[in-house]
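The values are calculated or read from the model by the stated rules, or taken from the named source; none is laboratory data. Keep in mind that this is a model prediction, so the values were computed, not measured. Heads up, the Cβs are rebuilt from the backbone with ideal geometry, glycines too, and the neighbour counts pull from every protein chain shown.
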């Protein structure tokens, strides 16, 4: 792994172009690109040497659609080989149209069907908190359309009741929910006891500041960062 | 006499005391019954409220972190409502967890169809290898619970109010040879044993008793089945659930199978457990009649 090249943000578009096939979610892939880059570049305490370290931060990709951005960022951060990108979607490839934790070491959960990841992230955050007074952080990436799923709202209500200050939901808001959220996505979380921030989803400085924000002094509230994406 | 549910509560306390990775996830049901476990092991009994989809997801997250989660609630809300979570969050992720249900096929018929789930074992069969355990007596619950939580697959323990008159002391995964006969083999699953024994008196049939239905004990069946087996399997859930595994066990032999179980899951009727056994043909007379016709 030590010989793997590292890539810059500017290289990600080229890495994505290496993946071919019938991927149907191009727009979705690009909507997550900046958030994923900022997370892996400057927020998550995980790198190629700590993929299996119990003290690493976890990123649970609940919104598994459009994983090309994830794969490109993992290659850029040397957690996958660039050659794997060329196999995208092929029968024997590790890289499906949704990420698979049993095929990609750096992927925390297999996903695709919407509405699963936040509850899994709660279980992970709860378990980590049970074991340590300074547990690793657990991040969960969701989409605004995914919030249509009722299961997400079971999880939103539960997380704050459990006092999971080591949990951060990151919601990509590209207004893909058919019926929308009249009270605002942040408001949906806040009413359940989350600490919410809404930022421009392409602004790396704003993303980093919001994603690094550590909540209240007690750190008992889960946090949500709503990342608004225009395109 | 202790119920299976009460025995389960005792078994959970025992398990949690012995294994610091043991975690229980509840969705309100049985929260009172597991109060001792909750008190003895702070933080390790997690009641998520009436959120069964979250219960399975949370269990998956705990399993990812090295805990052994046990999720327990009423059977339709454990297996049917969060079925896709069981599929995607547990089986597809390659995670281990134990599911424990109460309610069975029609334990409390007054509640109607929404609280009945004879389909549970058949549904789990669609997801991949698992360990499915069906006790027939309260005294069999704790050993089976211990086996469920020791399994390297998703485990399912199916509790019921229906019990046989006496427990069978067999802590292994093999079927118990209760009666040996010459005219065929009847497999009684869990609480069906008494009805099967009553039904088969004087028929000179071998009666096997199964509490471990997955993995299915093909070896014992083959040992007693003879060269041209006639096999009846009587299950307390959807009729035919285990026909494929019996079929596979005997695939190289000329054989006949009769699968008895719940055949009419949506009767729109209330009454008692015995009323429903009668309606499904799972009373001794109904079983005897079906076996006589088959033989």
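The residues of the range A:108-124 that are more than 7 Å from every other protein chain (Cβ to nearest Cβ) and either surrounded by 24 or more Cβ atoms within 10 Å (Cβ to Cβ) or in contact with a helix residue (DSSP H, G or I) (Cβ under 6 Å, 6 or more places away or on another chain) (or both), listed by number, are A:108, A:111, A:114, A:115, A:117, A:118.
Rundown of residues vs (1) in contact with a strand residue (DSSP E or B) (Cβ under 7 Å, 6 or more places away or on another chain); (2) more than 8 Å from chain A (Cβ to nearest Cβ), yes/no style:
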{"site": "B:16", "(1), (2)": "yes, yes"}
{"site": "B:23", "(1), (2)": "yes, no"}
{"site": "B:31", "(1), (2)": "yes, yes"}
{"site": "B:35", "(1), (2)": "no, yes"}
{"site": "B:49", "(1), (2)": "no, no"}
{"site": "B:65", "(1), (2)": "no, no"}
{"site": "B:69", "(1), (2)": "yes, no"}
{"site": "B:90", "(1), (2)": "yes, yes"}
{"site": "B:93", "(1), (2)": "no, no"}
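For residue A:105, the criteria (1) surrounded by fewer than 19 Cβ atoms within 10 Å (Cβ to Cβ); (2) under 18 Å from the mean Cα position of the chain (by Cα); (3) outside any loop (DSSP other than H, G, I, E, B) hold in every case but one, which is (3). Restrict the check to the range B:196-204 and report whether at least one residue is in contact with a strand residue (DSSP E or B) (Cβ under 6 Å, 6 or more places away or on another chain) and either closer than 30 Å to residue B:76 by Cβ or not assigned by TED's automatic domain parsing to the domain that holds residue B:279 (or both). Yes - at least one qualifying residue is present in the range B:196-204. As a summary of the residue check, residue B:251 satisfies the conditions (1) free of Cβ contacts under 8 Å to residues at least 24 places away in the same chain; (2) under 30 Å from residue B:90 (Cα atoms) except for the one numbered (2). Among the residues of the range B:14-35, the one identified as surrounded by fewer than 20 Cβ atoms within 10 Å (Cβ to Cβ) and touching a helix residue (DSSP H, G or I) at 6+ places or on another chain (Cβ under 6 Å) is B:33. Flag not set for residue B:196, criterion: under 18 Å from residue B:148 (Cα atoms), touching a residue at least 40 places away in the same chain (Cβ under 8 Å) and either buried (at least 19 other Cβ atoms within 10 Å of the Cβ) or under 18 Å from the mean Cα position of the chain (by Cα) (or both).
Looking across the range B:153-173, the residues that are closer than 16 Å to residue B:134 by Cβ and surrounded by fewer than 15 Cβ atoms within 10 Å (Cβ to Cβ) come down to B:171, B:172.
The residues of the range A:52-80 include none that are at pLDDT below 95 and more than 21 Å from residue A:35 (Cα to Cα).
Conditions (1) surrounded by fewer than 21 Cβ atoms within 10 Å (Cβ to Cβ); (2) farther than 30 Å from residue B:25 by Cβ; (3) modelled with pLDDT of 95 or more, marked per residue:
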position: A:168; (1), (2), (3): no, no, yes
position: A:186; (1), (2), (3): yes, no, yes
position: A:194; (1), (2), (3): no, no, yes
position: A:204; (1), (2), (3): yes, yes, yes
position: A:214; (1), (2), (3): yes, no, no
position: A:228; (1), (2), (3): yes, yes, yes
position: A:231; (1), (2), (3): yes, yes, no
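The lone criterion from (1) touching a helix residue (DSSP H, G or I) at 6+ places or on another chain (Cβ under 6 Å); (2) over 30 Å from residue A:182 (Cβ atoms) left unmet by residue A:62 is number (2).
For the range A:149-176, residues that are within 18 Å of residue A:31 (Cα to Cα) and out of contact with any strand residue (DSSP E or B) (no Cβ under 9 Å at 6 or more places or on another chain) total 0. Residue under question is residue B:191, and the condition is that it be in the same structural domain as residue B:244 (by TED's automatic domain parsing), at pLDDT 95 or above, within 22 Å of residue B:79 (Cα to Cα) and surrounded by fewer than 21 Cβ atoms within 10 Å (Cβ to Cβ); does it hold? Considered against the rule, which asks whether it is in the same structural domain as residue B:244 (by TED's automatic domain parsing), at pLDDT 95 or above, within 22 Å of residue B:79 (Cα to Cα) and surrounded by fewer than 21 Cβ atoms within 10 Å (Cβ to Cβ), residue B:191 comes out as no.
Here residue A:134 passes the criteria (1) in a helix (DSSP H, G or I); (2) more than 13 Å from chain B (Cβ to nearest Cβ); (3) free of Cβ contacts under 8 Å to residues at least 12 places away in the same chain except the one numbered (1).
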